Amino acid sequence: MIKTAAMMGVAAMCLVGCGSDPAGGGSSGNPEAKLDSQAKIEGFLEGKELVMAGDDIPTHPNGYARDVNFAQATQCYVEVNMQLQGSNFDVKSKLGTLEDAPNSGDVGSCDMQTVSNELEFASTSYVVENVEGDAECFDFTVTYPGFGQEGRGAISADRGELLLEIFFKDQGTGIRCGDGLPGAGGITLNGMPFDGDAVQVYAISE
């Protein structure tokens, strides 16, 4: 997915704004306010803490099994914390420890309790498109210097969770809302059928 584990942590977990008005019609946390546009989704997420940890980390972040040694692209995490501030998404990732997989391609075990490294990044831009219903699904594309990511997301009806199903640019097909909601399946990754769980779940809090 990405050149470095640091980049992977950020790109996979980011949903960031690109020149839109974060205050434009946002719900301000009111679960009864409909999130039916990019501006409203941004307004709702602005300043909130988004945390993914424990069982909310999928088995295949960004489409890559967390127990496999992918060298700098290894997807073993303890926690990811994100916050949308203005036009940037600040991301702090705590990488886990991959055990019993010393060589690239080896399958081991991701220790999701022991932090091996901590990384911090700020996104550059994003585009949210094709919002369905009350943020039941939206396409998004995230751009970073030298690479990008694309996929789909959703916000739960009770406004408690942000779901992101993201893959690196040009690696996946069947990953947009037109293909189904996050987790619907039917994805092809690098030309092969993908049957893993890549849906990242972030708890939303003020």
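Read the figures in this text as sums done on the coordinates, not as results from a lab. A quick note: this is a predicted structure, and the numbers were derived from the prediction, not measured. We place every Cβ from the backbone using ideal geometry, glycine too, and count neighbours over all the protein chains shown.
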> Just going by the charge dipole of segment 5-205, with Lys and Arg at +1 and Asp and Glu at -1 on Cβ, which of Asn103, Gln83, Leu163 is farthest out on the positive end?
Replying inline: Gln83
> Tell me, what is the FRET efficiency for Asn103 and Met192 to the nearest 0.05, using R0 = 30 angstrom and their Cβ-Cβ distance as r?
Replying inline: 0.85
> Which ³J(HN,Hα) values, rounded to whole Hz and listed in residue order, are derived for segment 59-75 from phi using the Karplus coefficients 6.51, -1.76 and 1.60 in 6.51 cos²θ - 1.76 cosθ + 1.60 with θ = phi - 60°, glycine and proline given as x?
Replying inline: 6, 10, x, 6, x, 10, 4, 5, 8, 9, 7, 9, 6, 5, 9, 4, 10
> Under 19 Å Cα-Cα from Lys169, which aspartates and glutamates qualify once same-chain neighbours fewer than 8 residues away are excluded?
Replying inline: Glu129, Asp139, Glu150, Asp179, Asp195, Asp197
>> Suppose every Lys and Arg Cβ carries +1 and every Asp and Glu Cβ carries -1, with no other charges. What dipole size does segment 5-205 come out with about its Cα centre, to the nearest 20 debye?
In response: 360 debye
>> Whole angstrom only: what separates the Cα centroid of segment 136-168 from the Cα centroid of segment 94-113?
In response: 26 Å
>> Spelling out what I want: for every residue of segment 130-139, take phi, set θ = phi - 60°, compute 6.51 cos²θ - 1.76 cosθ + 1.60 (Karplus), and round to whole Hz; glycine and proline get x.
In response: 6, 5, 10, x, 8, 6, 5, 6, 8, 7
> Cα to Cα, under 18 Å, and not fewer than 8 places away if on the same chain: which aspartates and glutamates meet these conditions relative to Lys94?
Replying inline: Glu49, Asp55, Asp56, Asp67, Glu79, Asp111, Glu118, Glu120
> Near Lys48, which lysines are there with a Cα under 18 Å away, not counting those fewer than 8 places off in the same chain?
Replying inline: Lys34, Lys40, Lys92
>> Just to check I understand the Karplus step: with θ = phi - 60° and J = 6.51 cos²θ - 1.76 cosθ + 1.60, what whole-Hz values come out for segment 111-127, glycine and proline as x?
In response: 7, 8, 10, 9, 7, 9, 6, 10, 10, 9, 9, 10, 6, 10, 7, 7, 9
